[in-house]
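The block underneath contains the structure these notes are about, expressed in structure tokens.
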Amino acid sequence: MYVAVKGGEAAIANAHRLLDDRRRGDRSVPVLTLDQITQQLALAVDRVMAEGSLYDPELAAMAVKQARGDLIEAIFLLRAYRTTLPRFAASKPIDTGAMKIERRISATYKDLPGGQLLGPTFDYTHRLIEPDMADDRPVPEPERRSCDRHESAPRVTDILGADAMIEPDGEGTPEREPADLTRSPRTFPADRDARLQALARGDEGFLLALGYSTQRGYGRTHPFVGEIRIGEVEVEIELPELGFPVAIGRVKVTECQMISQFKGSKSEPPQFTRGYGLVFGQSERKAMSMSLVDRALRAEEFDEERVSPAQDEEFVLAHSDNVQATGFVEHLKLPHYVDFQAELELLRRMRSEQQYEDAHKEAAQ
Amino acid sequence: MTVSAKHRSHEQQVDAQIEARRRAMAAFAQAGSTFLADAWERLGAGRTALPVRGPEVGLVMVRGRAGGGGAPFNLGEASVTRASVRLEDRDGAVVGHAMVLGRDPDKAGLAARFDALWQVGDQRERIETEVVAPIEEALAEGDRKRTEETEATRVDFFTMVRGED
Amino acid sequence: MSFTQSQTAIDGGFLDPAFDAQGVFARLLTAISRPGTVVDLGVCCRSPAPLSMAQGALLLAIADGDTPVFVEEGSEAMAEWLAFHTGARIGEPSEAQFAIVSRPSREWLERLPLGTLAYPDRSATVLVEVESLKDGHSFTLEGPGINGTSRIVLAGLLDDFAEFRKANHALFPCGLDLVFTCGSELLALPRSTIVTEV
């Protein structure tokens, strides 16, 4: 029997009204503007865009505000929004080699061409809370240094690749459209293109923990950061009505090339192999974690034994999406009155059967 | 001039023209909508542009490459606005197209109008000097500022000499 | 040199894209849920050859960048028109989600996607223009969406149609869905409909 229970409409309406009130908070405090969020909470906006898988800083800021700073809720909002829009086209693959670099570091080559550019980093800060944050002190303009030389900053893997010490990028297969998990369901085993898409929109915390686990011995790798670069790249679209590609604007991305040792195989000499991370916005923790997990998931390619969670494609891809995860975990709080009633009945029956058996045994003795 | 050389030079001309239009369209796409609206007041006054399609907001799937240079994969989507307009001209109609990142129907409509007007030709030079060039300069200025700020964070390694030699 | 693309690519789309597409979709839904029912999509677009008006309207309403279209005797003008208005590209039969073919024959059961048991929806919808939806051969229909039996009348290139239907029906739940068009009218025969020649 299924018993539908109605009710709660008024409670829900009032709860949402209360939510609106609590979101706004004390009315004497000025309301947050979207500009304030995109400017001053830029990395929260970046995370929402990356995991919401939709590049639109203004929308992401609205989502952060509506979600009261709950970033997974904001990501959910962005994902829901994107389903309402038609997709016009796919871009040409972005060229991270032509990035307008805002930060670029390498842990493997001190003197790499193009140099080490720290950019706006938390690294080397003392992690002491600054009392200045409590008020609106004037912030000095950043230092500038003229830069006349037009030294290019090639991707570090292209430098190493020149000596054949590192596995090459491999050729793209132009005749095959890359897998798209927003269009067709996951299948296993997945190809690397499908994995990279899932990782790029995957939960930062989940990927961080998995990446960490590979360092601690769960999926042996000995990684180095070949390069991290952050900056804007141009997005180019080939419009069918034009017949040639045009630039439609720029997006900020973070790229990480993780290099790890490989002892070689029958067909390949000992060389460095690579894991790759590419994420919308500025998020090097996410890009680094992604590259560690990407490398771990390539175990099969290198005849490595798959023994750890980070190497288990099905485990990683099925659990990396925080909107899916939150949906399934959080649904547990919705009414399960009937299910629970059924289990309660079952327990009662088991108990009474047990009591009956016990009584029977006693009588027999 | 031989026939094939003539053919080649025609092809080069076409390529140069496509390149010029690509540059112009890229500039329109990265301009502010108020800048474009002001410029249209000056350059397109009196012209009627009829909507052919849009402006409408949608998505493009942004792609990256595995390892930076390998097989393409889908990185994530970006919001875009596109528009196509028809500009009536003495010799017929010219259709202009635009696709711009973000959700700004006004800007997409203006960018499409400028693309059409650029093709008509009689205003091309003014568009190049009064619209395309200033946008490109502003972009270059912004890039220069950021590059110089980043440059100030360049690490200059030096070797410390310890103790007596 | 001129950048102006052929005018046919730009013209002939829906005048009111949102409402026209909804209108066509609603009528198409009626046609598919009530197999054999002739619906008139009206004069709502001007589609380049070889697409008939109903075929053009159907594609304008439901084709997009994710649905490759195969056209047996396509033209460049039509490909440009489709690309501009829907974002759909012309594809090979093996990847087609919509196929515009001249006759419904067994050949297409080998060349078009039929779906899989896990995903029977990954199959093509076949559009065939016929000479008439009012005169010609009679067929009896039965199956989901039909109260008892109903009858349709078709005229055109239908030599091996009965054989095609039989083979298609045997594939259920996989198989091709069929839409017959004539001018601005159409009727649908989803794979679940059993067709017998009278």
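The values are calculated or read from the model by the stated rules, or taken from the named source; none is laboratory data. Since we're looking at a predicted model, the values are computed, not measured. Here the Cβ is made from the backbone with ideal geometry for all residues, glycine too, and neighbour counts use every protein chain on show. Side chains included, ligands, DNA and RNA excluded: accessible areas come from the protein's heavy atoms. Shrake-Rupley method; radii C 1.70, N 1.55, O 1.52, S 1.80 Å.
Taking the average, over residues, of other Cβ atoms within 10 Å as the packing measure, peptides A:301-311, C:77-87, B:73-83, B:137-147 rank B:73-83, C:77-87, A:301-311, B:137-147 from highest down.
Other residues within the sphere of radius under 9 Å centred on the Cβ of residue C:68, judged by their own Cβ, net out at -2 (K and R +1, D and E -1). Relative to the globular-protein estimate of 2.2 N^0.38 Å, the Cα radius of gyration of chain C stands at 1.00. Please give the calculated 222 nm ellipticity per residue for chain A, where each DSSP H segment of at least 4 residues contributes -39500 (n - 2.57) and the sum is spread over every residue; nearest 500 deg cm²/dmol? The per-residue figure over chain A is -12000 deg cm²/dmol.
Per atom type, segment C:17-191 shows carbon and sulfur on 53% of its accessible surface, probed at 1.4 Å. Taking 20 °C and 1.002 mPa s as conditions, the protein assembly as shown diffuses translationally at an estimated 71 µm²/s according to Stokes-Einstein applied to its Kirkwood radius (Cα pairs). For chain A, the average shadow cast by the Cα convex hull is 31.9 nm², which is a quarter of the hull's surface. Peptide B:86-97 is shielded by partner chain Cβ atoms: per residue, an average of 3 of them sit within 10 Å of its Cβ. Taking every residue in A:190-197 and counting other chain Cβ atoms within 10 Å of its Cβ, the average works out to 5. With unit charges on the beta carbon (Lys/Arg positive, Asp/Glu negative), name the residue among C:67, C:54, C:137 whose Cα is farthest towards the positive pole of the charge dipole of segment C:17-191. Positive-end residue among those listed: C:137.
Between the Cα long axis of helix B:33-43 and the first principal axis of chain B there is an angle of about 40°, rounded to the nearest 10. Any chance you could give the angle, 0 to 90 degrees and rounded to 10, that helix A:204-215 forms with the longest Cα principal axis of chain A? Long axis of A:204-215 versus the principal axis of chain A: about 70 degrees.
Sorting the segments A:121-133, C:35-47, A:184-196 by their residues' average number of neighbouring beta-carbon atoms within 10 angstrom, most packed first, yields C:35-47, A:184-196, A:121-133.
Normalised by the number of residues in segment B:8-133, the mean separation of alpha-carbon contacts (under 8 Å, six or more apart) gives a relative contact order of 26 percent. Value of Rg to Rh for segment B:8-133, rounded to two decimals, is 1.03; Kirkwood radius and Rg both from alpha-carbon coordinates. Ligands, DNA and RNA excluded, the heavy atoms of residue C:108 present near 10 Å² of accessible surface to a 1.4 Å solvent probe. Summarising the amide proton neighbourhood of residue B:63: residues at separation of 5 or more, or on other chains, whose placed amide H is nearer than 5 Å comprise A:91, A:94, B:75.
Per residue, the accessible area of the protein assembly as shown comes to 54 Å², computed with a 1.4 Å probe over protein heavy atoms only. Taking the Cα centre of segment C:17-191 as origin and assigning +1 to Lys and Arg Cβ atoms and -1 to Asp and Glu Cβ atoms, the resulting dipole is close to 520 debye. Computed from protein heavy atoms with a 1.4 Å probe, the total accessible area buried between B and A is close to 5900 Å².
Shielding of peptide A:230-241 by partners, expressed as the average count of other chain Cβ atoms within 10 Å per residue Cβ, is 5. Think of each Lys and Arg Cβ as +1 and each Asp and Glu Cβ as -1; about the Cα centre, that makes the dipole of chain A roughly 640 debye. For the cross-link pairs A:110/A:266; A:100/B:107; A:92/B:145; A:100/A:252, the ones whose C-alpha atoms lie over 21 Å apart are A:110/A:266; A:100/B:107; A:92/B:145.
Taking a straight Cα-Cα cut-off under 17 Å and skipping sequence neighbours fewer than 8 places away in the same chain, the aspartates and glutamates within cross-link reach of residue A:65 are A:20, A:21, A:26, A:35, A:46, A:51, A:56, A:73. What's the center-to-center distance, using Cα atoms, between segment B:53-105 and segment A:58-134 in Å? Cα centres, segment B:53-105 to segment A:58-134: 23 Å.
Helix C:53-62 axis versus longest C-alpha principal axis of chain C: approximately 80°, rounded to the nearest ten. Across segment A:191-237, the convex hull enclosing all Cα atoms gives 132 Å³ per residue.
Applying 1/(1 + (r/R0)^6) with R0 = 51 Å to the Cβ-Cβ distance of residue B:42 and residue A:9 gives a FRET efficiency near 0.35.
Inverting the mean 1/r over all pairs of different Cα atoms, compute the Kirkwood radius of segment A:10-82 and quote it in Å. Present the calculation step by step, with values, prior to reporting the outcome.
Working: mean 1/r = 0.0790 Å⁻¹.
Answer for segment A:10-82: a Kirkwood hydrodynamic radius of 12.7 Å.
As a fraction of the 1.4 Å probe accessible area of chain A, surface on carbon and sulfur atoms comes out at 55 percent.
How large, in percent, is the carbon and sulfur part of the accessible surface of segment B:68-165 at a probe radius of 1.4 Å? Heavy-atom surface of segment B:68-165 belonging to carbon and sulfur, 1.4 Å probe: 48 percent.
Assigning unit charges at the beta carbon (Lys, Arg +1; Asp, Glu -1) and nothing else, what dipole magnitude in debye, to the nearest 20, does the protein assembly as shown show about its Cα centre?
880
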